[in-house]
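Everything below concerns the one structure shown next.
The values are calculated or read from the model by the stated rules, or taken from the named source; none is laboratory data. Fair warning: this is a prediction, and the values are worked out from it, not measured in the lab. In this analysis, Cβ positions are derived from the backbone assuming ideal geometry, glycine residues included, and neighbour counts consider all displayed protein chains. To get the accessible areas, we keep the full protein, side chains included, count just its heavy atoms, and leave off ligands, DNA and RNA. Shrake-Rupley method; radii C 1.70, N 1.55, O 1.52, S 1.80 Å.
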Amino acid sequence: MSTTDVPSEIPRPQTKAAGQVAVPAMKWVTLALMTTSSVASLRSAPTMAVYGLACVFLYIVPAIVFLLPTALVSAELASGWSGGVYRWVSEGLSKPLGFLAVWCQFAMTIFYYPSLLAYVASTIAYVIDPSLASDGVYTAIVIMVLYWTGVWVSSRGTKAVAGLSSWGLVIGTLVPGTILVVLGLVFLGQGNASAAPMGASHLFPQWTGLASLVLIVNNFLSYSGMEMNAVHVSSLRNPAREYPRSMFLAMALVLLIFILPALAISWVVPSDQLSLTAGVMQAFDAFFSYFHVGWLTPIAAVMLVAAALGGMLTWLAGPSKGLLLISREEGYLPPFLQKLNKNGIQQNILVTQGVVTTAIALMYALIPDVSSAYWIFSVITTQVYLIVYLLMFAAAIRLRRTRPDHPRGYRAPALTLLCAVGLVASLAALVIGFVPSSQFGGSSVWTYIGIIGGGLVVLGLLIPWLFLRFRKPNWRTAAATADEGSAV
């Protein structure tokens, strides 16, 4: 998932002017690596590891029907209209729908933070006491402490946030992911049996109805964020040829980073014992214990935590900043939420969001199974974010039809077909998300549907509608003086 949602201008290749040296265009390999770093993560590995070998199929399918259409379609939009998803949807559909899109980009983080920090809490537990990983009260406390610490750090406008998150791919993904896979291969190479069957008959998930495929929905969230890197398409020397090449390379790298660690986890941790929050650490603990290097477990935990917290800090600064800028121009939010602190940070938005995040965190203490709570919040996050993609694909189709001659640095091949595939895939994920997973039997189906549907409707639709319904002309504060918002 991308870690920045702030609207930005499209960087374009510089040409040589009199007395100036031309700035070289971005290489397509560089863009592929940037895309990989913003999407790839180990956090979703346990979710797919429960499927064993079938996780390969469950990663590849959404990559084809969602990841690829998103990358190519957003590239065309970004090369023609700067300003991100708000501008795309506003130009293609309407400004209110543009606000809905940017709101959902922000709102999904309200459930994203609790699920991300639940993963962090379970990881930290392996440094303190592994049994805490399944303790809801402990998880809730860690979520609240870390979130409010993040708000304090972000509100000070520190530049350390960018540095911390930029090392996330290496420290928290590539290094531990590589170690996990190597240990897994050595483990199997020494004649140990895999905890999950690895035969050809297990290439596809066992069909037990829609519930058997529900965990695939989580992959849509795992792949989200491709549209953020599309702003760099016009920096390529030959976008029409190099951008698709860059995206196919990024897809291959992302799939490797997602699939191989998930397989490694499935080799050593039986699916019925796998925690969706602590699965990565369960695998490390098992491998390190087998190879008699258990002292490395806390080190692995610290690496994973550092990367996750770096991503969280960047997400705190990103989506809320984008929402703030648009709201000050168009008056979508009341002035209280638009005010800045002395460091120019949208502290009121962060604090208000924190109150809701705290309430959600307390649910971990009320829901007996931490994995179930983690899954519920992950599904709501995905459902809300899918609204963004539905609007983006619809806007792209309409812009191609109504403004075919508008200058675009890149034109996606078969755009209507790509959008149709993306729309159908997103709608399918939206519907399947309401089906309780086969991994979570025993709970009330209607309770589950009520929680997921309530989260989607209230957070993704009702709240933005209320802002639009009751907004006033004096909510537009873009022309305010620089010191007007210097105090909270």
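Tabulated data
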quantity: Average Cα contact separation per residue, the range 250-330, under 8 Å, 6 or more apart, as relative contact order %; calculated: 17 percent
quantity: Dimensionless Rg/Rh of the range 23-470 - Kirkwood Rh, Rg from C-alpha atoms; calculated: 0.95
quantity: Most to least packed among 257-266, 176-185, 284-293, 50-59 [average Cβ atoms within 10 Å]; calculated: 257-266, 50-59, 176-185, 284-293
quantity: Student exercise, the range 23-470 dipole from Lys, Arg, Asp, Glu Cβ charges, in Debye to nearest 20; calculated: 1480 debye
quantity: Simple label model, 7 Å out from Cα along Cβ direction - Arg401 to Val431, nm; calculated: 2.2 nm
quantity: Kirkwood Rh (inverse of mean 1/r, distinct Cα pairs), the range 278-425, angstrom; calculated: 20.0 Å
quantity: Dipole axis of the range 23-470 (+1 Lys, Arg; -1 Asp, Glu on Cβ), positive-most option in Ala264, Val102, Phe434; calculated: Val102
quantity: Per-residue HN-Hα couplings for the range 127-144 [Karplus 6.51, -1.76, 1.60; θ = phi - 60°; Hz; x = Gly/Pro]; calculated: 8, 9, 7, x, 5, 5, 4, 9, 8, x, 5, 4, 4, 4, 5, 4, 4, 5
quantity: Rounded to the nearest 20 debye, dipole of the range 349-475 from Cβ charges on Lys, Arg, Asp, Glu; calculated: 800 debye
quantity: Lys339, Lys472, Lys321, ranked by accessible area, largest first (probe 1.4 Å); calculated: Lys472, Lys339, Lys321
quantity: Charge tally in the Cβ shell below 12 Å around Leu399, where Lys, Arg are +1 and Asp, Glu are -1, Leu399 excluded; calculated: +4
quantity: For the range 23-470: relative contact order, % (alpha-carbon pairs under 8 angstrom, 6 or more apart); calculated: 36 percent
quantity: Accessible area of the range 23-470 divided out per residue, in Å², using a probe of 1.4 angstrom; calculated: 37 Å²
quantity: Residue-wise HN-Hα coupling along the range 376-384, computed from phi with Karplus coefficients 6.51, -1.76, 1.60 (Hz; x: Gly, Pro); calculated: 4, 5, 5, 5, 4, 4, 5, 4, 5
quantity: Cross-link table Lys27/Lys321; Lys95/Lys321; Lys95/Lys339, entries beyond 26 Å C-alpha to C-alpha; calculated: Lys27/Lys321
quantity: Ranking by accessible area, most exposed first, for Trp475, Trp315 with a 1.4 Å probe; calculated: Trp475, Trp315
quantity: Inter-site label distance for Ile60 and Val145 at 7 Å from Cα along Cβ, in nm; calculated: 4.4 nm
quantity: Heavy-atom accessible area order for Met108, Met198, largest first, 1.4 Å probe; calculated: Met198, Met108
quantity: Contour excess over end-to-end distance, with Cα ends at Leu468 and Leu390 and 0.36 nm allotted per residue; calculated: 26.1 nm
